[in-house]
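*Asks:* One structure coming up, written as structure tokens, with questions to follow.
The values are calculated or read from the model by the stated rules, or taken from the named source; none is laboratory data. As the structure is a computational prediction, the values presented were derived from the model and not from experiment. Virtual Cβ from ideal backbone geometry, glycine too; neighbours counted across all protein chains shown.
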Amino acid sequence: MTAAATRSEHDLLGDRDVPAEAYWGVHTLRATENFPITGTPISAYPHLIDALAAVPPAAARGPGGQPSGPGLTRTKVVKTLNTMNCQIMVDPDRVTGEHTVFVSGDDGEAKKTVTDLLVSFGWPGSSVIDLGDITTARGTEMLLPIWLRLWGALGHADFNFHIRGARTSA
């Protein structure tokens, strides 16, 4: 029997082998192993499938969403929706009050396309914060540990972050 091809990925917990053909990484592997949530198939969320299809899947292979591999250096990558559960991604009204969705990417036109898609899901344009280039996606990825702790403390995953700035005088 031939062993399946893998790639090694590293996170704060150490190295793990991930199937080489997978479009996801070590964080998703750990999440599925440790937190089997609903058993609901992704097909139940057609808007999410549309959003995921908006970015070529191979572009998601690099850390921080950066394109990697031959022929992907001109791929337009936008990372968003990684600070909330999948139901809130496509139905932001599940959480009452204002809350925030982040966008990271190098191409302004691609970020506008993604922002328009977010608005079509029900996100108010004022809730979208453009963090800057694709390397800023690493910052939102670092929210996963606190997100998991909040999930445990609240006993459910129907929550999101809201960024509120101080009032400034004119």
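*Asks:* Can you name the residue in the stretch 24-60 that is more than 17 Å from the chain's Cα centre (by Cα) and loosely packed, with under 10 Cβ neighbours inside 10 Å and, of all such residues, is modelled with the highest pLDDT?
*Replies:* Among those that are more than 17 Å from the chain's Cα centre (by Cα) and loosely packed, with under 10 Cβ neighbours inside 10 Å, it is Glu33.
*Asks:* Given the stretch 85-162, what helices (runs of 4 or more DSSP H) lie entirely inside it while holding 3 or more residues that are surrounded by 17 or more Cβ atoms within 10 Å (Cβ to Cβ)?
*Replies:* Working: elements: 86-90, 108-121, 137-141, 144-154.
By residue number, 86-90, 108-121, 137-141.
*Asks:* Within the stretch 1-23, which residues are in a strand (DSSP E or B) and either within 18 Å of Asn34 (Cα to Cα) or modelled with pLDDT under 90 (or both)? Full working, then the answer.
*Replies:* Just the residues of the stretch 1-23 that are in a strand (DSSP E or B), to begin with: 6-11, 14-19.
Glu9, His10, Asp11, Gly14, Asp15, Arg16, Asp17, Val18, Pro19, listed by residue number.
*Asks:* If you don't mind, there's one more thing I want to ask. Of a type in the set (S, T, N, Q) and under 16 Å from the mean Cα position of the chain (by Cα), is that true of Thr168?
*Replies:* Working: of a type in the set (S, T, N, Q): yes; under 16 Å from the mean Cα position of the chain (by Cα): no.
Judged against the criteria, Thr168 is not a match.
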